[in-house]
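Before any comments, here is the structure.
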Amino acid sequence: MTVAGLTIDRVETFAVPLPTLRPFGVSGGSIAVMGKPSVRILVKVSAGEFAGWGEATPIPAWTYETCESIVSTIDGYLAPAITGRPAWDLDGVAAVFDWAINRGFSIGSPLAKSAVDVALHDLVGRALGVSIGQLWGQRRAEAIQLGWVVSGQGPAEVAAAVAEGQDLGYQAFKVKIGLGPSDMRIVEAVRAAAPDAPLWVDANQAYSVAEAVRISRELASFGVTAFEQPLPANDIAGLQRLRDLSAVPVALDESLRHPTDMATFVRLGAVDIAIAKVQRSGGLLLSRRLLQLAEDSGLRLMGSGLTDSDIGLAASLHLFAAFGITSPVDLNGRQFVDSVYVGDTVKVVDGMASVPTGPGLGIEVDEEKVRRLAL
């Protein structure tokens, strides 16, 4: 059977608990808690003799999708909508998804949609025997620099956290702020521990315009290269004002859920840096559209993840390599969770992640282990 004849036979979901390696929090709440498994929803899409894998990261502290809602959305709405459709028709699947779960103001159920979209990319790549970069005809980098994330530690603990990353070869650092009154002391401590390293901060929507303007001046004194999502995602007017007043370039993450959001911020002159995040934008297809618009609009590009395990890590690397993102990215899954379900997988050495070259995502999922671990 040729790829043209492959139709989607089955979509399966698995809630898989993964070991948590370190605690992790953002301004909205905890993401990884020591002693508590980090659950990821893995998705297998089958078409004939081929199959592909995707992943969703339920983080209610960051977005509205939970383990339960992701599984019920895929099983009850997305899977029935695409079963029997051509596996290669990635654009058609995205359109059908918008009918099954409407976009509303921005995008509906992006994490669930992303898991299926990534699985389909993996499936088609495997069926053709090519990597996702070769499938797109777009790959500008062979390795991507990762940043080490510092979150929640007091100033006294920061030097140890930075040293841990440095011992593992990481040479760039991202600091989560918006967590409390010690934010600037933490940034100062990271800069002292890594005086020459690329450094950026992420507020996860924690501030008002006035607070963000004041904080940006302090951040500039520490040589911070980007101020990520300082305001609520839908505060378009505030972000427009902040871009003119901030002493540090403003990078948008949560605000850019769909390519139409990117178009709005570009038209209004409310963004300096566009951040790509596969799960936030509903998968690889929409993320490529968003990044292409940002690139064509002359914006600086950055990359981020959602504490993905290795399926999501591989998908993000293909996306970021396609656009040749050279600044360090926040793909922090390896720092916080153990992807015990994989065999051959992404190689990370000295904070540099090699973009996989095998078919599809280029990693091997141990299906027997997934089924055994699944809740």
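The values are calculated or read from the model by the stated rules, or taken from the named source; none is laboratory data. Given the structure is predicted, the values throughout are model-derived calculations rather than measurements. Note: ideal-geometry Cβ built from the backbone for every residue, glycine included; neighbour counts use all protein chains shown. Side chains are part of the model used for accessible areas, which takes the heavy atoms of the whole protein and leaves out ligands, DNA and RNA. Shrake-Rupley method; radii C 1.70, N 1.55, O 1.52, S 1.80 Å.
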Taking the stated definitions as given, is T7 at pLDDT 95 or above and farther than 20 Å from A374 by Cβ? yes
Can you find a residue that is at pLDDT 95 or above and exposed (fewer than 14 other Cβ atoms within 10 Å of the Cβ) anywhere in region 50-70? yes
Please enumerate the residues belonging to region 83-101 that are aliphatic (A, V, I, L, M) and in contact with a strand residue (DSSP E or B) (Cβ under 7 Å, 6 or more places away or on another chain). A87
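Name the residues in region 12-35 that are under 24 Å from E164 (Cβ atoms), at pLDDT below 90, outside any strand (DSSP E or B) and open to solvent by 50 Å² or more (accessible area, probe 1.4 Å), would you?
Across region 12-35, the qualifying residues are R22, P23, V33, M34, G35.
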With region 68-153 as the region, which helices (runs of 4 or more DSSP H) entirely inside it contain at least 1 residues that are within 20 Å of the chain's Cα centre (by Cα)? 90-100, 110-128, 132-136
Using beta carbons and a limit of 6 Å, which pairs, at least six apart or on different chains, have the first residue in region 124-152 and in contact (Cβ under 8 Å) with a residue 40 or more places away in the chain and open to solvent by less than 20 Å² (accessible area, probe 1.4 Å) and the second one of a type in the set (K, R) and outside any loop (DSSP other than H, G, I, E, B)? G147/K174; V149/K174; S151/K176
The residue that is least open to solvent (accessible area, probe 1.4 Å), considering only those in region 192-210 that are touching a helix residue (DSSP H, G or I) at 6+ places or on another chain (Cβ under 9 Å) and not hydrophobic (A, V, I, L, M, F, W, C), is Y207
